[in-house]
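Data first, discussion second: the structure below is written as structure tokens.
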Amino acid sequence: MNILVTGCKGQLGTELQKIATSDARHFWLFTDVDTMDICDKEAVEHCFSANDIDVCINCAAYTAVDKAEDESELAERVNVYAPQILSETCLKHDALLMHISTDYVFDGDADEPYSVDAPINPQSMYGKTKAEGERLIRESGCNHFIVRTAWLYSATGKNFVKTMLSLADTRDEINVVADQKGCPTWAYDLACALVRLLNQNGKKPVHETFHYTNEGQITWYDFTLAIMEICEKQCKVNPITTDQYPTKAKRPAYSVLDLSKIKAYAGIKIPFWRESLIKCIEELKRKQ
Ligand SMILES: NC(=O)c1ccc[n+]([C@@H]2O[C@H](COP(=O)([O-])OP(=O)(O)OC[C@H]3O[C@@H](n4cnc5c(N)ncnc54)[C@H](OP(=O)(O)O)[C@@H]3O)[C@@H](O)[C@H]2O)c1
């Protein structure tokens, strides 16, 4: 199959690039905003026609959660308008769209993991745009997998793990929110799961939504303690409440996603968050 990956310089796109280097089964085409802006309908159409695209894995997104409150127009262009372009183009070319969405489509008021069918109720501009992007993909009728994930991190790009490690190098103590619970996801694990879904499905018609994170649930505070322990950092970590750390965009208090559907559908065993965190930190150390 000819696979187009958008947003290839981001966290998830970078992990897909690593997998593709040892995957001779498919032809992979990697693009980012400098080579193909997903908001540019003509550029997208040209790319699909010129490369006979069978699958588009959309890793491109507007992901600046707080900035989205002030830049709603740009967030809408990338997270709503562009997925609509991609879905219409996929429909026209009979291609499969693999789209990534987020736990932020939920309100975070639950006390048990959100199932794929749980009602959405986004509380932030970012969450609203991602939810609208999902809706337009479903409505387009194109073949699609929508995979919601959460708390994504990797050895590249900006993310919580790297931020905590760099703070640990410059501060004696840090305050971290201890009343928000979710599940971290190593971008490499998600990339592997996407490729598995793809290989299993091939070009068969599909209209499915899944949840994928690493296994387990944890607060940002406990996650930070684990990062410090694994990296043997001496920095003291203090638990604080969400009220003590105000952010422009509201964060879900509880955003654990129920993984049972993807595990049953794709027959995958999902690694626990700590196991994957250790592997990512090993990669970070190799890069130093
Ligand atoms: N990060 C998380 O914690 C998290 C959590 C849940 C879900 N997700 C979802 O997971 C997916 C992957 O996230 P990620 O963390 O890998 O994102 P990321 O690191 O922010 O990467 C996104 C990439 O898309 C590019 N991009 C932005 N606008 C574009 C456009 N108009 N055309 C083409 N490319 C464009 C970005 O380029 P620039 O950097 O130049 O803008 C960047 O290279 C996204 O759908 C995101 O919503 C992420």
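Just so it is clear, none of the values below were taken in a lab; they were calculated from the coordinates. Since we're looking at a predicted model, the values are computed, not measured. Cβ placement follows ideal geometry from the backbone for every residue including glycine, while neighbour counts extend to all protein chains displayed.
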Listing of helices (runs of 4 or more DSSP H) fully contained in the range 1-113 that carry 1 or more residues being away from the ligand (no atom under 11 Å from the Cβ), touching a strand residue (DSSP E or B) at 6+ places or on another chain (Cβ under 6 Å) and not hydroxyl-bearing (S, T, Y)
11-21, 41-51, 82-93
Looking at (1) part of a helix (DSSP H, G or I); (2) within 20 Å of A193 (Cβ to Cβ); (3) of a type outside the set (V, I, T); (4) more than 18 Å from the chain's Cα centre (by Cα), find the lone condition where K269 falls short.
(1)
Checking the structure you have, find out if any residue of the range 136-145 is within 15 Å of the ligand (Cβ to nearest atom), closer than 30 Å to E88 by Cβ, part of a helix (DSSP H, G or I) and touching a helix residue (DSSP H, G or I) at 6+ places or on another chain (Cβ under 8 Å).
yes
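For every residue, the table says whether it meets (1) polar (S, T, N, Q); (2) crowded, with 20+ Cβ neighbours inside 10 Å; (3) free of Cβ contacts under 8 Å to residues at least 24 places away in the same chain.
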position: Q17; (1), (2), (3): yes, no, yes
position: D23; (1), (2), (3): no, no, no
position: F30; (1), (2), (3): no, yes, no
position: S49; (1), (2), (3): yes, no, no
position: A68; (1), (2), (3): no, yes, no
position: E76; (1), (2), (3): no, no, no
Has the range 234-252 got at least one residue that is assigned to a helix (DSSP H, G or I) and farther than 28 Å from D66 by Cα?
no
For D169, are the conditions met, namely being more than 14 Å from the chain's Cα centre (by Cα) and either of a type in the set (G, A, S) or in a helix (DSSP H, G or I) (or both)?
yes
